[in-house]
Structure formats: C-alpha cells, structure tokens
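Novice: One structure, pasted below without further comment.
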Protein chains: 2
Amino acid sequence: MLRLSTKGQYGVRAMYEIARGYPETPVTIKEISERQDVSVAYLEQILNKLRKAGLIKSIKGPGGGYILNRSADKISIASILNELEGPVALTSCLDPEGGCVRVDSCVTHLLWKALGEQVEAFLKTITLKNLMAGDFYSQEVKVKDKVKV
Amino acid sequence: MLRLSTKGQYGVRAMYEIARGYPETPVTIKEISERQDVSVAYLEQILNKLRKAGLIKSIKGPGGGYILNRSADKISIASILNELEGPVALTSCLDPEGGCVRVDSCVTHLLWKALGEQVEAFLKTITLKNLMAGDFYSQEVKVKDKVKV
DNA sequence: AAATACCCTACTGTTTTTGTCAAGTATTAT
DNA sequence: ATAATACTTGACAAAAACAGTAGGGTATTT
C-alpha cells in the first residue's frame, strides 16, 4: 500500500545528484541519467517541474546543467515530492480542492488526516543534506496528543 | 501523493460498522452498504479478504451477517489495510519479495524504508476501538534516533 | 555556425483501480 | 421440504493513473 510514483523517486535521486555539484558545478541531465539509470526524456519532465518550483535553476549551453537554487540543508524531501506528486492526500476527501461530501459523517476522515500530517511532518524534517550525509535525524514527529471528534 | 485505495478506505469503514454490532449482533452486507454507501458486490470482495485473514467471521442464513473475530481494541487499522492493500512498500525496491537490484547504490533506499516504518508504526497504534471513540492517541511514534548508512 | 544543453507538448502502451455480473453454497424459519 | 436470507467465488470490463517515448524548439557558448 501507499506506493510512491517513479516520478517522485527519480526526482529525489536527481536532486541528490544535483546537490553533489553544488555550489560549483552544474550537473547535466545526461550525467544524472547515467548515474541514476533514468532516461533523459523522462528526467526532462521531472526537472522542469522542479525548476518551475524554484528548487533548482538551469544553465543553458555548453558547460551548463542544473544547480540547486539554495543550499542542500534548505531543501526538504517534502518540498521535492510536493512538486512532483502534489500534497499528501490519502483520500480524495482530503484533496486541497475539497469535495468531501460526507465530512461530518465520515468516521475515518480525521484518521487519514492525522496520518497524512504525520507523513508530511516526517518528510519535512529530512533535507537533501541529511540524505547525502546518510543520516536521518527523526526528531520525534508527534502528531497530536489527542484528537477528539 | 500517497493515495490510499478505495478498497482500503471502504474496508476500514466496513469494519467500523461491524464493530458497532459486536459482540451481539451480526451486521449484514446490506446494512453496511446502506450506511457507508458502497455497493454490496464490492463489499463482498472486501469482506471476503478480511474474513480469510481472520479479522471477522461470517454467519450464513437469515439473521446472519458479519461479526468481529476479536474485540475492537485488538484490531488495528494496520491489520485491516495490510490485508486489503498489502504491506506498506513505498517503492518496488521494498516489496517483501525483494528484487531491489541496486540496494547498495540506492541512496534513497533507507529513506523510504524509514518512512514506511513510521507509517506502519502509526497505523498499528490505532485500533477500531480508538476509531469508534474518535480519539487517536498518537503515542509519539519515533522511528529511529539516527540511522547511519 | 556548430555543438551543447535545456524547453515543451503531445501521445501511447501498460498497469492498476474500481467496480459489476452471474451463478453458487449454506442456513434458518415456516 | 421449501422459500427466503445471506454469504461465496471467479470472471470480466470500463476508467483512470502511471511510466515513458517522440519530436520539435530555444538559448548559450566556443
């Protein structure tokens, strides 16, 4: 259950490669493609979104490539996935645009909401820098002491 | 991102209805269908899985229906979702059957693993009883202090 | 002006999801 | 017995989401 799309996975891995070049060396799509074994065309789609979101910037022409727009410790995994897959919304009920017709009567509504918040909180605490260092400080993600309906 | 399938959602809601009848009254599919607005045919599939998993038992014939196999405080949301959607496996990498060809080189492997474990831990702490009471004690789900690769 | 490298949109095959349908089996009440 | 109730099972199909390709375009450097 709860599979992450390849877009999200590849996106994080691509960001990891770009982070490795920061702040000096732009990394080309081709390099990312080879190192992470993802097609250039597919990466183009992914990096485009991340660029538009302001996470990375691109430099055209020879010697160009992609580079982080801010330092690795300021880019969370959550911010990457949010751009590529949208916000965590375990049910259509919880889609940002709303549309839950049963909200009040839906007994599980708050449950999914709490779980979503927990996931989001976790992903926010982990940055690209953490990923590169290979250690995840999971600072006690606490959702809520008690949620009473 | 991370959408839960309707099967999982309906499953939890169906279990909620069945829990309401426990331990006296078997609840029929028809009743669940009406109260939760899910088709009888679809519920049949879902309840069948839950029955085979031993979470509920069925009583045939008039006056029959479904009933919990153990008390509501002994059935976690995790156990329901696990039957209907399989274990949390955010990437194919983490599928129980294995098959990750890159494990060592995959920088994100541990990240997804940690997140999955966090989700699973959260869902395990919440039981049908909690759901019925409407309060989720989220007892500080702590993943790991520090994971060093 | 040639080479490099990003930019953008459309499209398509596959897989998963979300159900429906039809025919069956078991049990109870009369 | 038999009719009514209710669960059981497997096949199937429409629709949505996913994963990725293709092909042309634009900007920059040497």
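Novice: Look through the range A:39-88, keep the residues that are within 9 Å of DNA strand C (Cβ to nearest atom) and of a type in the set (D, E, K, R), and return whichever of them is most open to solvent (accessible area, probe 1.4 Å).
Specialist: The residue in question is A:60.
Novice: Also: What single numbered condition from (1) away from chain B (no Cβ under 13 Å); (2) within 30 Å of residue B:117 (Cβ to Cβ); (3) more than 8 Å from DNA strand D (Cβ to nearest atom) fails to hold for residue A:42?
Specialist: Going through (1) away from chain B (no Cβ under 13 Å); (2) within 30 Å of residue B:117 (Cβ to Cβ); (3) more than 8 Å from DNA strand D (Cβ to nearest atom) one by one, residue A:42 breaks only (3).
Novice: Test each condition in (1) more than 15 Å from DNA strand C (Cβ to nearest atom); (2) out of contact with any helix residue (DSSP H, G or I) (no Cβ under 8 Å at 6 or more places or on another chain) for residue B:26 and report the one that comes out false.
Specialist: Condition not satisfied by residue B:26: (1).
Novice: Now for a different question. Of all residues in the range B:1-23, count the ones that are away from DNA strand C (no atom under 15 Å from the Cβ), touching a helix residue (DSSP H, G or I) at 6+ places or on another chain (Cβ under 8 Å) and more than 7 Å from chain A (Cβ to nearest Cβ).
Specialist: Of the residues in that region, 6 qualify.
Novice: Checking residue A:143 against (1) at pLDDT 95 or above; (2) over 30 Å from residue A:24 (Cα atoms), only one condition comes out false. Which one?
Specialist: Just one mismatch for residue A:143, condition (1).
Novice: Listed residues A:16, A:10, A:66; which is among the aromatic types (Phe, Trp, Tyr), more than 13 Å from the chain's Cα centre (by Cα) and at pLDDT 95 or above?
Specialist: From the options A:16, A:10, A:66, the qualifying one is A:66.
Novice: Somewhere in the range A:91-111, is a residue in contact with a strand residue (DSSP E or B) (Cβ under 7 Å, 6 or more places away or on another chain) and buried (at least 20 other Cβ atoms within 10 Å of the Cβ)?
Specialist: Yes, the range A:91-111 has at least one match.
Novice: Please go through the range A:12-38 and give me each residue that is open to solvent by 70 Å² or more (accessible area, probe 1.4 Å) and either in contact (Cβ under 8 Å) with a residue 12 or more places away in the chain or touching a Leu at 6+ places or on another chain (Cβ under 8 Å) (or both), ordered by number.
Specialist: A:20, A:22, A:23, A:25, A:35
Novice: Run residue B:9 past the list (1) more than 28 Å from residue A:116 (Cα to Cα); (2) open to solvent by 20 Å² or more (accessible area, probe 1.4 Å) and report the number of the one that doesn't hold.
Specialist: Only one criterion is unmet by residue B:9, namely (1).
Novice: How about the range A:111-140: which of its residues are under 28 Å from residue B:131 (Cα atoms), within 7 Å of chain B (Cβ to nearest Cβ) and modelled with pLDDT under 90?
Specialist: Listed by number, the residues that qualify are A:138, A:140.
The values are calculated or read from the model by the stated rules, or taken from the named source; none is laboratory data. Just so it is clear, the structure is predicted and the values come from calculations on it, not from any experiment. For neighbour counting, all protein chains shown are included, and Cβ atoms are generated from backbone atoms with ideal geometry for every residue, glycine included. Only protein heavy atoms, including side chains, enter the accessible area calculation; ligands, DNA and RNA are left aside. Shrake-Rupley method; radii C 1.70, N 1.55, O 1.52, S 1.80 Å.
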